[in-house]
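> Attaching a single structure in structure tokens format; questions to follow.
Read-outs throughout are calculated quantities, based only on the coordinates presented, and are distinct from any laboratory measurement. Small disclaimer: the values here were computed from a predicted structure and weren't measured. Heads up, the Cβs are rebuilt from the backbone with ideal geometry, glycines too, and the neighbour counts pull from every protein chain shown.
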């Protein structure tokens, strides 16, 4: 059964029993009076600005939602999304280059890595690298 909460930004569907790959995971994002499908693998980053977050896709589509970055992190529940700064959440699969100070993503964005997030970021990159 699908539960639709009109105050929510997301429509969460039950997981199919035979879900093939992680790249096939998706959510529906509320935009005006309809819901748009967003595949997790297409999501490059989430940027926070006050009470709003902006979800940016590989094709440069942007979705603005009234939510916090912490709430989005919990709603997405996707292990490849990692917090690198108090204002940024990125998809590890879209990293092109990184140092301890910043990260370059597949859409050309160069974002800073906060000092409080460096250790978790490096652990996440190492974990993904080992399992690949």
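> Against the conditions (1) assigned to a helix (DSSP H, G or I); (2) touching a helix residue (DSSP H, G or I) at 6+ places or on another chain (Cβ under 6 Å), where does residue 70 fall short? Just the number, please.
(2)
> Can you pull out every residue in the range 88-124 that is in a helix (DSSP H, G or I) and under 15 Å from the mean Cα position of the chain (by Cα)?
Across the range 88-124, the qualifying residues are 92, 93, 94, 121, 124.
> Moving on. Is there any pair with a first residue in the range 105-121 that is under 15 Å from residue 80 (Cβ atoms) and a second that is loosely packed, with under 13 Cβ neighbours inside 10 Å whose Cβ atoms are under 8 Å apart and which are 6 or more apart or on different chains, and what are they?
105/96; 106/96
> Does residue 77 satisfy being under 24 Å from residue 36 (Cα atoms) and in contact with a helix residue (DSSP H, G or I) (Cβ under 8 Å, 6 or more places away or on another chain)?
For residue 77, the condition - under 24 Å from residue 36 (Cα atoms) and in contact with a helix residue (DSSP H, G or I) (Cβ under 8 Å, 6 or more places away or on another chain) - is not met.
> In the range 48-67, what residues are out of contact with any helix residue (DSSP H, G or I) (no Cβ under 8 Å at 6 or more places or on another chain), part of a strand (DSSP E or B) and touching a residue at least 40 places away in the same chain (Cβ under 8 Å)?
Those that are out of contact with any helix residue (DSSP H, G or I) (no Cβ under 8 Å at 6 or more places or on another chain), part of a strand (DSSP E or B) and touching a residue at least 40 places away in the same chain (Cβ under 8 Å): 56, 66.
> From the list 105, 126, 89, 100, which residue is over 30 Å from residue 32 (Cα atoms) and in contact with a helix residue (DSSP H, G or I) (Cβ under 7 Å, 6 or more places away or on another chain)?
The conditions single out 100.
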